[in-house]
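Worksheet for the structure shown next.
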Amino acid sequence: MKTVQQNTLSKDKRQKPAIGASFIALSPGNFLVRACVPSLIMQTEHTQSKTPEWFIMVGGSFFILVLGVSASWEADIRWLHFFQAWMYIAAIALGLRRNRWGYFIGASAAGLWDYANIFATTFFFNGLQQLSQWIHTGHLERPDLLIAIPAWFSNLFVVIGCFWGYSRRPGKALGDAGKFLLTFALTTGFFALDMFLFQPRYLGLFPRMLHPHLP
């Protein structure tokens, strides 16, 4: 009888550590930690994976706002800016779906705008001059020129987002270079047609873009 009791007690002693270990593994606090850590990692990865699209959306949306504000100041450029904004709407809509054509449109439209306003016009530099004057005198004389600064950087955001987003796309092909060149040609042609129809005076930008120089 004693032998049976001793055997039973020894079995209980051997089982207690295992039961204790199971309790620790399944304790509510430990379970929450194990459940939350992968969830936090997944949320971080998801946020990081959407960063290029956020660049495109924020930059494109802000530039559309700038186009609207500028058009409210100058009535004769409203139709020009209205159709110009559609390139950015297309880039945002397709970019959010991680479509390569959205990246190509955004990089083409925004890249051309930033390039032109550095090497073919003085618009961006005039904006910097207005900002410096505003800081030193407290008087802003030409807000229509100052707006070039946020416009330029919002386009830069779009360019960064498009190239970054495309670099993370799976299944990139050599033929994408041709598709990008085609998109650039069509986007530039659309912009030129927009100018031709509504503001022909701006068409002089294109010859100057072929001979870039800093002011």
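Within the range 99-113, the set of residues being in a helix (DSSP H, G or I) and without any contact (Cβ under 8 Å) to a residue 40 or more places away in the chain is empty. Just a yes or no: is a residue in the range 114-123 modelled with pLDDT of 95 or more, of a type in the set (A, V, I, L, M) and assigned to a helix (DSSP H, G or I)? Yes, because at least one residue in the range 114-123 is modelled with pLDDT of 95 or more, of a type in the set (A, V, I, L, M) and assigned to a helix (DSSP H, G or I).
Looking at the range 188-201 only, could you name the residues that are surrounded by 13 or more Cβ atoms within 10 Å (Cβ to Cβ) and free of Cβ contacts under 8 Å to residues at least 24 places away in the same chain? Before the answer, list the steps.
To start, the set of residues in the range 188-201 that are surrounded by 13 or more Cβ atoms within 10 Å (Cβ to Cβ) comprises 188, 190-192, 194-195, 198-199.
Passing the criteria: only Ala192.
Restricting attention to the range 74-98, which residues are part of a loop (DSSP other than H, G, I, E, B) and surrounded by fewer than 17 Cβ atoms within 10 Å (Cβ to Cβ)?
At the first step, the residues of the range 74-98 found to be part of a loop (DSSP other than H, G, I, E, B) are 74, 97-98.
Result: Glu74, Arg97.
The set of residues in the range 77-99 being touching a helix residue (DSSP H, G or I) at 6+ places or on another chain (Cβ under 6 Å) and among the aromatic types (Phe, Trp, Tyr) consists of Trp79, Phe83, Tyr88.
Restricted to the range 58-70, and to residues there that are farther than 13 Å from Trp86 by Cα and among the aliphatic types (A, V, I, L, M), the residue that is surrounded by the most Cβ atoms within 10 Å (Cβ to Cβ) is Val66.
Looking at the structure I just gave you, is Arg168 over 25 Å from the mean Cα position of the chain (by Cα) and either in the same structural domain as Ile92 (by TED's automatic domain parsing) or under 23 Å from Met87 (Cα atoms) (or both)? Answer is no for this residue.
The values are calculated or read from the model by the stated rules, or taken from the named source; none is laboratory data. A quick note: this is a predicted structure, and the numbers were derived from the prediction, not measured. Cβ: placed from backbone, ideal geometry, glycine included. Neighbour counts: every protein chain shown.
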